[in-house]
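Engineer: Structure in structure tokens, see below.
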Amino acid sequence: MINKILFFDNWLLLQANSLVGHSFWADKIILYLSVGVVYLAPLVLIGLWFYSRYAKQPALQLLFSALLSWQVFNRIIAKFIWYRERPFINAKIEIKELFFHRPDHSFPSDHMTFFTALTVASFLAGYRKLGWFFLTTGFVVGVSRVVIGVHYPLDIVGGIVTGVLGALIIYWLRAPLKRWVYEPLIKFARKVHLA
């Protein structure tokens, strides 16, 4: 069963990656979507922080959801559960590369984890428009990173799972986090004129 899933995963990757290499401008667009669009997320979080005095705690909730999922869960999975190399390192499949990517872990996708955590945390915090923005942006980034060959489709699925898990845990811990983390950080930020 696992071999069939991995075979299908490889097949989907090759189908997606076959879209690159035909047009210079199409390749540039897909490269921008997979790499450049990611930088919108921190800008949006900074905007949310300064949006109003009531948005500071939700901004921290989104940030902590993303950091727990991306920097804790993904590192644990890659180090102790399943270290999966990037597709372009796999000698059994031929990938058309659009740019050089550091040969680190592929599963789960850090980008997809990050955007999924932001999406779920936004909806849980009551910021539906922001949630839809992160959902749409994350989908575009996730698909484009499979197309350019830096992730398998299963990496994207893994990123969705870890992102949802991280956002739910931060949401469940919102009361103690508010008291012991969010409020002290917001008070400190106000003292140094960053809030």
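Here, each number is a calculation from the coordinates, and none is a lab measurement. Only a predicted model underlies this, so the values are computations on that prediction, with no experimental measurement involved. Neighbour counts run over all protein chains shown; Cβ positions are idealised from the backbone, glycine included.
Engineer: Can you give the Kirkwood hydrodynamic radius for the chain, in Å, rounded to one decimal and based on Cα pairs?
Structural biologist: Result for the chain, one decimal place: 17.7 Å.
Engineer: Let me ask something else. Could you please state, rounded to a whole Å, how far the C-alpha centre of the range 109-181 is from the C-alpha centre of the range 1-55?
Structural biologist: Distance between centres, Cα-based: 13 Å.
Engineer: Ordered by packing density, taken as the mean number of other Cβ atoms within 10 Å over each peptide's residues, highest first, how do 111-118, 167-174 rank?
Structural biologist: Descending packing order for the listed peptides: 111-118, 167-174.
Engineer: While we're here: Write down Rg/Rh for the range 1-92, rounded to two decimals, with Rg from the C-alpha atoms and Rh from the Kirkwood relation over Cα pairs.
Structural biologist: Here Rg/Rh amounts to 1.10.
Engineer: Which value in Å is the Kirkwood Rh of the range 11-59 over different Cα pairs?
Structural biologist: Roughly 13.4 Å, rounded to one decimal.
Engineer: For each pair in LYS56/LYS96; LYS96/LYS129; LYS129/LYS187; LYS28/LYS92; LYS28/LYS129; LYS28/LYS56, compute the distance between the two Cα atoms and list the pairs where it is over 31 Å.
Structural biologist: Over 31 Å apart, Cα to Cα: LYS56/LYS96; LYS96/LYS129; LYS28/LYS56.
Engineer: Additional query: As a check on your grasp of the helix formula, calculate [θ] at 222 nm for the chain: sum -39500 (n - 2.57) over DSSP H runs of n ≥ 4, divide by the residue count, round to the nearest 500.
Structural biologist: Counting only the DSSP helices, I get -19000 deg cm²/dmol.
Engineer: May I have the extent of the alpha carbons of the range 46-95 along their three principal axes, as whole Å values ordered from largest to smallest?
Structural biologist: The principal-axis extents, from largest down, are 53, 26, 8 Å.
Engineer: Further, regarding this structure: Using modelled amide H (1.01 Å from N, peptide plane; none on Pro or chain starts), what sits under 5 Å from the amide H of LYS96, excluding residues fewer than 5 places away?
Structural biologist: Answer set, sorted by chain and number: none.
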